[in-house]
Amino acid sequence: MSGAGAPAAAPVDCSDLRVAVVAASWHERVMDGLLAGAMRACADHGVVAPRVVRVPGSFELPVAAQALAAAGYDAVVALGVVIRGGTPHFDYVCSAATDGLNRVALDHTVPVGFGLLTCDDEQQALDRAGLDGSREDKGYEAAAAALATAKVLAGVRETPSAATHVDAGAVPDLG
Ligand code: DLZ
């Protein structure tokens, strides 16, 4: 999967949202970049004092995300880096983290930003970490996606049946 095709969206005001970031601790330099990117996204969207929780590894991200969702946060951003080694361990950690985070989002109807890098080597991770010289800023992207989705969900809850958006390709209701 390449980063091409990502939407260019202006930050929306999220100053009314409670936001938590859960970050694993393996691969410190990459994690520092991801966490800084997520915090930059929160600031750009007006989030006040996002809560940051650290866990040991990416395998632990879902249980912490679940606790944060259950505690009432409107959006959770999950950050981690898993680097492929010589055994199938990589696949187990990646799929447990991915499936677990998705389950938290669906069970709690809370967006969980997916800032988990699953890389063949450290250079691939550095390229995506939002550091000087990185090509991409996945921590920022994951946080921005969670915040934008939280605003969408808030709008759905406020006006569950309103037709508030018709895009250019939509067929008008003539009835
Ligand atoms: C054990 C392990 C390994 C080998 N590699 C990584 C990694 O690259 N990134 C990461 O976030 N965590 C790794 N872990 C730790 C597991 O995620 C988990 O913390 C341990 O298996 C303990 O449950």
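The values are calculated or read from the model by the stated rules, or taken from the named source; none is laboratory data. In this text the structure is predicted, and so the values were computed from the model without any measurement. Cβ atoms come from the backbone with ideal geometry, glycine included; neighbour counts cover every protein chain shown.
What to note about this one:
Residue by residue, here is whether (1) at pLDDT 95 or above; (2) in contact with a strand residue (DSSP E or B) (Cβ under 7 Å, 6 or more places away or on another chain); (3) closer than 14 Å to Gly57 by Cβ; (4) buried (at least 17 other Cβ atoms within 10 Å of the Cβ) holds:
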site: Tyr92; (1), (2), (3), (4): yes, no, yes, no
site: Asp99; (1), (2), (3), (4): yes, no, no, no
site: Thr109; (1), (2), (3), (4): yes, no, no, no
site: Thr118; (1), (2), (3), (4): yes, yes, yes, yes
site: Gln123; (1), (2), (3), (4): yes, no, no, no
site: Leu126; (1), (2), (3), (4): yes, no, no, yes
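- Selection from region 3-43 of residues that are assigned to a helix (DSSP H, G or I), loosely packed, with under 15 Cβ neighbours inside 10 Å and more than 16 Å from the ligand (Cβ to nearest atom): Ala43
- Residue list for region 77-102, restricted to those being of a type outside the set (Ser, Thr, Tyr) and assigned to a loop (DSSP other than H, G, I, E, B): Arg84, Gly85, Gly86, Pro88
- Of the residues making up region 121-144, those that are within 25 Å of Val110 (Cα to Cα), hydrophobic (A, V, I, L, M, F, W, C) and outside any helix (DSSP H, G or I) number 1.
- Meets criteria (away from the ligand (no atom under 16 Å from the Cβ), surrounded by fewer than 15 Cβ atoms within 10 Å (Cβ to Cβ) and over 19 Å from Arg18 (Cβ atoms)) for Arg135: yes
- Any hit, region 112-119, residues being in a loop (DSSP other than H, G, I, E, B) and either touching a residue at least 40 places away in the same chain (Cβ under 8 Å) or near the ligand (Cβ under 9 Å from one of its atoms) (or both): no
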